[in-house]
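Step one of this worksheet: look at the structure below.
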Amino acid sequence: MNLGNKGNIMENTARKKIEILGPGCARCKETYRVVQHVVEVDHLEADVTKVESMERMIELGLLATPGVAVDGKVVLSGRIPKVDEIRKLLAGV
């Protein structure tokens, strides 16, 4: 069976794995809310998870919470992001 270009399209549109890193404080919860909102409104192919594991934060080198990691790379830390900022971050990853 020949899929032509469809096989390549599927490879390029893999779901992003977005992790919201933090101990569960109000700032971390608000960061999760902002990121989840952007994913839902923009219909992005992404899985958003809340991670409270100190081991994972250390593994990723997170120095300040809340943090946002996309596909295992910290892209934001130490503050609650704005909606437009998350859109730009997710478009550029």
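Derivation of every value follows stated rules applied to the coordinates shown; laboratory data play no part. What you see is a predicted model; the values in this text were computed from it and never measured. Every residue, glycine as well, gets a Cβ built from its backbone with ideal geometry; the counts of neighbours run over all protein chains shown.
In whole percents, the pair-distance distribution calculated for segment 37-76 from its alpha-carbon pairs, binned every 10 Å from zero, is 26, 52, 21, 1. Note that segment 6-92 shows a convex hull volume over its alpha carbon atoms of 89 Å³ per residue. Under a model in which nothing but the beta-carbon of Lys, Arg (+1) and Asp, Glu (-1) is charged, segment 6-92 shows a dipole of about 160 debye around its Cα centre.
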